[in-house]
């Protein structure tokens, strides 16, 4: 499975990349929502997007809102966030995220989320 990790933190990307590799998936990186949109538009054959909330240029919620109706991305989107406020999580789900993972997370949690949203 090809997974696009949209996160402005290179250490987070490296950690999630390692987890995905252990699970047999191919990971690609976008540094913010705009970069993510561009990569999807240029090479839209991703099976999953793991999307951070807080990023410069275009944050995760802006990415979701711009993509409402699957404008540029029709694969499952899972938020990776430290946001704990229920109203914020509900907003992300309302605008197109299928699920969310609270940072930090383990490879087992990531694997279970992938199974839930990609089956």
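The values are calculated or read from the model by the stated rules, or taken from the named source; none is laboratory data. Every value quoted in this text rests on a predicted model; they were computed, and no experiment measured them. Cβ atoms come from the backbone with ideal geometry, glycine included; neighbour counts cover every protein chain shown.
The table below gives the values:
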{"read-out": "Residue 112, sole failed condition from (1) part of a helix (DSSP H, G or I); (2) in contact (Cβ under 8 Å) with a residue 24 or more places away in the chain; (3) loosely packed, with under 15 Cβ neighbours inside 10 Å", "value": "(2)"}
{"read-out": "Number of the condition not met by residue 30 [criteria: (1) buried (at least 19 other Cβ atoms within 10 Å of the Cβ); (2) within 20 Å of residue 109 (Cα to Cα); (3) modelled with pLDDT of 95 or more]", "value": "(2)"}
{"read-out": "So residue 93, is it assigned to a helix (DSSP H, G or I) and farther than 25 Å from residue 18 by Cβ", "value": "yes"}
{"read-out": "Single unsatisfied condition, residue 67 versus (1) touching a helix residue (DSSP H, G or I) at 6+ places or on another chain (Cβ under 9 Å); (2) farther than 22 Å from residue 1 by Cα; (3) free of Cβ contacts under 8 Å to residues at least 40 places away in the same chain", "value": "(2)"}
{"read-out": "Residues located in the stretch 40-61, provided they are assigned to a helix (DSSP H, G or I) and under 13 Å from the mean Cα position of the chain (by Cα)", "value": "40, 60, 61"}
{"read-out": "Complete set of residues in the stretch 73-90 that are in a loop (DSSP other than H, G, I, E, B) and exposed (fewer than 14 other Cβ atoms within 10 Å of the Cβ)", "value": "74, 82, 84, 85"}
